[in-house]
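Novice: Can you keep this structure in mind? I'll have questions shortly.
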Amino acid sequence: MNYQETVEYLFTSTPVFEKIGAKAYKPGLDTMYKMDEHFGHPHNQYKCIHIAGTNGKGSSSHTLAAILQSQGYKVGLFTSPHLVDFRERIRINGEMVSEEYVIDFVENNRKFFEPLHPSFFELTTMMAFQYFAEQKVDFAVIEVGLGGRLDSTNIITPILSVITNISFDHTQFLGNTLGEIAGEKAGIIKPKIPVVIGEWNEETQPVFIKKAHEQNSPIHFAHETDADMNFELKGNYQKKNFCTISAAVECLKEEGIEIKDQSIKNGFEHVCELTGLRGRWEKLNEHPLTICDTGHNLAGWEYLEPQIASVKADTKHIVFGMVDDKDVEHVMELLEKLPKESTIFYWTQPSTKRAIPVDKLFGYAQKHGLNGTCYQTIAQAFNTAKANAKKDDFIFIGGSSYVVADLLSESF
């Protein structure tokens, strides 16, 4: 198989959450433990940092990797989902895993893993762990896929665990209260391993404290810090991530990891260049100002709506689509706050099977007094917005990481 055929095999022969949603979710770690034993526990060959959370774990993972990379370490980074190329999920010092490695890993190990029927994410996780071992990284920053306790990545013993925040997302798997969701995320806290909590409230904090006490793990709560350096990621929500990342860096230094102030500064200032991160309040054009963002749930939009509202522009063109397991109704309530007389909506749907069909999405919008026009693809919606926008207008594209993925695949 060539690279495209190999990726297609991964997407069609294994259950993929990004494509089919809940049917692909495979709780339990039995398959991961079997694969881990087969490959000789590769994650034990380097220091891991494990990052969970409802929002912010991608930005935090990339920035921590950029800081360590700036210090001169060889740093593996495992994240999900990808936007354009599958290989974005597995990087070392910003460089994606090679096509050849992906092909060889699948071809050489098919006879072993096919009888196990691993999920797409299980197989991808093991590929990353093995690749990082073979390439002899110093550190691997590992982002949780979904939840924490039963996530495929949770077979590792890290040197630091980080939980960015807790909000309502994937409630069908993680629970219907913030306390229940916090319990699932807290599953990454390991015995005697320090943990940083980025955000908390009266419902979630006791859960974290109880779990850390049970595990005899030092627990650190990130506190508000003035961002006295230029953070390349510009979304309003990055202020919270800045505090979480800063607390994580201090914990790593306490663990004896050398990280100089200049490396911290360089990591914050050049995270996208160093790691390849995209889609976080990313500027695509100046006139008209064009921004895309992967914020995809209520917690993300509680930051995005006021930031969109704060942009000075004659007219705002909002290209918007979502997937089917998100809190659409409450996001629509936030979109209602945008001034109707100067906001034009372009309702659309990403190419994933999990997309809310655009006609259904428009039905939600109309219930909230939001008008606009429907488009079958992201490209159609965006190209129309571009054609309509004057140079002092503002174009925003978002609602789902899959919306941004379709945009970047075709336009930028």
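The values are calculated or read from the model by the stated rules, or taken from the named source; none is laboratory data. This one's a predicted model, so the numbers in the text were calculated from it and none came from an experiment. Cβ placement follows ideal geometry from the backbone for every residue including glycine, while neighbour counts extend to all protein chains displayed. Keep in mind that these areas ignore ligands, DNA and RNA; they rest on the heavy atoms of the full protein, side chains included. Shrake-Rupley method; radii C 1.70, N 1.55, O 1.52, S 1.80 Å.
Novice: Applying the selection to the range 382-402, what residues are touching an Asp or Glu at 6+ places or on another chain (Cβ under 6 Å) and open to solvent by 50 Å² or more (accessible area, probe 1.4 Å)?
Specialist: If the condition is that a residue be touching an Asp or Glu at 6+ places or on another chain (Cβ under 6 Å) and open to solvent by 50 Å² or more (accessible area, probe 1.4 Å), then ASP392 is the only one that fits.
Novice: Now for a different question. One residue is enough: does the range 124-141 have a residue meeting the conditions in contact (Cβ under 8 Å) with a residue 12 or more places away in the chain, open to solvent by 10 Å² or more (accessible area, probe 1.4 Å) and within 18 Å of the chain's Cα centre (by Cα)?
Specialist: No: the range 124-141 contains no residue that is in contact (Cβ under 8 Å) with a residue 12 or more places away in the chain, open to solvent by 10 Å² or more (accessible area, probe 1.4 Å) and within 18 Å of the chain's Cα centre (by Cα).
Novice: Looking at ILE219, ILE259, which is the one that is in contact with a helix residue (DSSP H, G or I) (Cβ under 9 Å, 6 or more places away or on another chain) and either more than 13 Å from VAL162 (Cβ to Cβ) or exposed (fewer than 14 other Cβ atoms within 10 Å of the Cβ) (or both)?
Specialist: ILE259
Novice: Let me ask something additional. What pairs come up if the first residue lies in the range 69-82 and is closer than 19 Å to SER401 by Cα and surrounded by fewer than 19 Cβ atoms within 10 Å (Cβ to Cβ), the second is modelled with pLDDT of 95 or more and of a type outside the set (Ser, Thr, Tyr), and their beta carbons are under 6 Å apart, counting only those six or more places apart or on different chains?
Specialist: Correct list of pairs: HIS82/GLU88; HIS82/ARG89.
Novice: A further question follows. Looking at THR294, THR352, THR315, THR290, which one is among the polar types (S, T, N, Q), open to solvent by less than 40 Å² (accessible area, probe 1.4 Å), within 30 Å of GLY94 (Cα to Cα) and at pLDDT 95 or above?
Specialist: Result of the check over THR294, THR352, THR315, THR290: THR290.
Novice: Of a type outside the set (Asp, Glu), part of a loop (DSSP other than H, G, I, E, B) and under 22 Å from the mean Cα position of the chain (by Cα): is that true of GLY235 in this structure?
Specialist: It is true that GLY235 is of a type outside the set (Asp, Glu), part of a loop (DSSP other than H, G, I, E, B) and under 22 Å from the mean Cα position of the chain (by Cα).
Novice: Scan the range 352-370 residue by residue and report those that are within 24 Å of the chain's Cα centre (by Cα), part of a loop (DSSP other than H, G, I, E, B) and of a type outside the set (S, T, N, Q).
Specialist: LYS353, ARG354, ILE356, PRO357, listed by residue number.
Novice: Spot the failing condition for ASP324; the list is (1) touching a Lys or Arg at 6+ places or on another chain (Cβ under 7 Å); (2) open to solvent by less than 80 Å² (accessible area, probe 1.4 Å); (3) farther than 21 Å from TYR303 by Cβ, and only one is missed.
Specialist: So the condition that ASP324 fails would be (2).
Novice: Given the criterion touching a residue at least 40 places away in the same chain (Cβ under 8 Å), part of a helix (DSSP H, G or I), within 29 Å of THR12 (Cα to Cα) and open to solvent by less than 40 Å² (accessible area, probe 1.4 Å), identify the matching residue among ALA405, ALA379.
Specialist: Of ALA405, ALA379, the one residue that is touching a residue at least 40 places away in the same chain (Cβ under 8 Å), part of a helix (DSSP H, G or I), within 29 Å of THR12 (Cα to Cα) and open to solvent by less than 40 Å² (accessible area, probe 1.4 Å) is ALA405.
Novice: Considering every residue within the range 150-165, establish whether at least one is among the hydroxyl-bearing types (Ser, Thr, Tyr), modelled with pLDDT under 90 and closer than 30 Å to ASP324 by Cα.
Specialist: Scanning the range 150-165, I find no residue that is among the hydroxyl-bearing types (Ser, Thr, Tyr), modelled with pLDDT under 90 and closer than 30 Å to ASP324 by Cα, so the answer is no.
Novice: Within the range 302-321, can one find any residue that is among the hydrophobic types (A, V, I, L, M, F, W, C), more than 19 Å from the chain's Cα centre (by Cα) and in a strand (DSSP E or B)?
Specialist: Yes: one or more hits.
Novice: For ILE159, indicate whether it is of a type in the set (A, V, I, L, M, F, W, C) and either in the same structural domain as LEU298 (by the TED database) or touching a helix residue (DSSP H, G or I) at 6+ places or on another chain (Cβ under 6 Å) (or both).
Specialist: no
Novice: Quick check on my filter: what residues within the range 193-205 are open to solvent by 40 Å² or more (accessible area, probe 1.4 Å) and either at pLDDT 95 or above or touching a strand residue (DSSP E or B) at 6+ places or on another chain (Cβ under 7 Å) (or both)?
Specialist: Within the range 193-205, just TRP200 meets the criteria.
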